[in-house]
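The values are calculated or read from the model by the stated rules, or taken from the named source; none is laboratory data. On a predicted model such as this, the values are computed, not experimentally measured, just so you know. Please note: Cβ atoms are built from the backbone with ideal geometry, for glycine as well, and neighbour counts cover all protein chains shown. When the accessible area is computed, the model is the full protein with side chains, heavy atoms only, and any ligands, DNA or RNA have been set aside. Shrake-Rupley method; radii C 1.70, N 1.55, O 1.52, S 1.80 Å.
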Amino acid sequence: MNLIDASTWSGNWAWGLPLIVLTVVMHVCGLELIHERVIHVLGGAVERRGFLPKFAVAMSVTALLATLLHGIEGGIWGAAYRFLGALPDNKSAMLYSLSAMTTYGHADLYLQAHWQLMGALEALNGMLLFGLTTAFLFAMIQGVWPLGSRQRRREL
């Protein structure tokens, strides 16, 4: 690898790693805010009838908010691509970013050659974020579902 190639890669890492840290911190904080609201809403629902429909709505809203959180994080990566001149316009930057983050990869868009490693770093970031979201949703179900089971047993 020559000196020019090494400097190109270091720019990708210099931008990509802080973006990964920023989006992971945002994601964890966002999931915590979502968790607080859902537990607040469902905490009172356990004592009343109709827990299951409220639980289903709360989990649907949670999934929607988590999706919005992923979209905001994709927008941050897209803004970085625009700032760096790696993509020509905002629409392309957002589409590329969401495509990379989800590892979908079928958008017919490409970063400028010297920024292409950032696309791979964003895909890595997406896997981390989706892993956090999956663990969060699973923990929400595990934490709340027994509450509804206890309430149903009391009704019997």
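Worth pointing out:
- Chymotrypsin sites (Phe, Trp or Tyr not before Pro) restricted to the range 91-136 and DSSP loop, no more than 16 other C-beta within 10 Å: Y104, Y110
- Largest accessible area first, the listed residues K54, K91 line up as K91, K54 when surface is computed with a 1.4 Å probe on the assembled protein chains.
- The simple Förster model, with R0 at 35 Å and r as the Cβ-Cβ distance, assigns L124 and S60 a FRET efficiency of 0.75.
- Normalised by the number of residues in the range 8-136, the average gap of Cα pairs under 8 Å and 6 or more apart makes the relative contact order 33 percent.
- Area of F138 that stays accessible when all protein chains are in place (1.4 Å probe, Å², to 10): 130 Å²
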